[in-house]
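These notes are about the structure you will find just below.
Please treat every number below as a calculation from the coordinates, not as lab data. Predicted model, so just to flag it, every value in this text is computed and none were measured. Counting neighbours? That spans all protein chains shown, and the Cβs are built from the backbone with ideal geometry, glycine included.
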Amino acid sequence: MGRKLISSGSAFEAQIGYSRAVVTGEWVFVSGCTGYDYKSGAISPDPAEQAEQCLKNIAFALAEAGSTMDEVVRVRYIFPDRADFPKCWDVLQRYLGSARPAATMIVAGLMEEAMKVEIEVTARKGSAGGETTTTGAGDAPPQ
């Protein structure tokens, strides 16, 4: 099974030696995206606007891979400031609300001070439209 490498044109990809996304079979792995507009090089100081740009960058990479946001099965959010996470919930809901992927939020420093959020996803082609079940999480453990 071969691999398809997808580039955003970011100088970091060549300098560091990675791809914006890698496609192998039905799986699409999208590297962490920050809030930079890759065409203009601009980044907003607002965390929610950065999250929006992150998700636009991710949606573009997924489209290049033949996938969509609705096929995202895993997402990781990285925030230097945990207080910025709730500021982004409306944006995250808009882009990932129907996919409802497994998610993790991590608090960690990012490469540049201007970066307020980094988001990475994994998608599985053909997986959109799954069912929702309740596991009883939060209930007392079985006796």
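Some observations on this one:
- Entry remark, the stretch 6-42: residues being of a type in the set (A, V, I, L, M) and within 17 Å of the chain's Cα centre (by Cα) number 6 in total.
- Lone qualifier among GLY66, GLY25, GLY32 - being touching a strand residue (DSSP E or B) at 6+ places or on another chain (Cβ under 8 Å), within 17 Å of ALA128 (Cα to Cα), of a type in the set (Gly, Ala, Ser) and surrounded by fewer than 22 Cβ atoms within 10 Å (Cβ to Cβ): GLY66
- Residue within the stretch 91-99 that is of a type in the set (D, E, K, R) and either surrounded by 14 or more Cβ atoms within 10 Å (Cβ to Cβ) or on the phi > 0 side of the Ramachandran plot (or both) present: no
- Residues of the stretch 52-63 satisfying the condition of being closer than 16 Å to LYS116 by Cα, crowded, with 18+ Cβ neighbours inside 10 Å and free of Cβ contacts under 8 Å to residues at least 60 places away in the same chain: GLU52, GLN53, ASN57
Residue-wise test of (1) of a type in the set (S, T, N, Q); (2) outside any strand (DSSP E or B); (3) without any contact (Cβ under 8 Å) to a residue 24 or more places away in the chain.
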site: GLN15; (1), (2), (3): yes, yes, yes
site: VAL30; (1), (2), (3): no, no, no
site: GLN50; (1), (2), (3): yes, yes, no
site: TYR77; (1), (2), (3): no, no, no
site: LYS87; (1), (2), (3): no, yes, no
site: LEU92; (1), (2), (3): no, yes, no
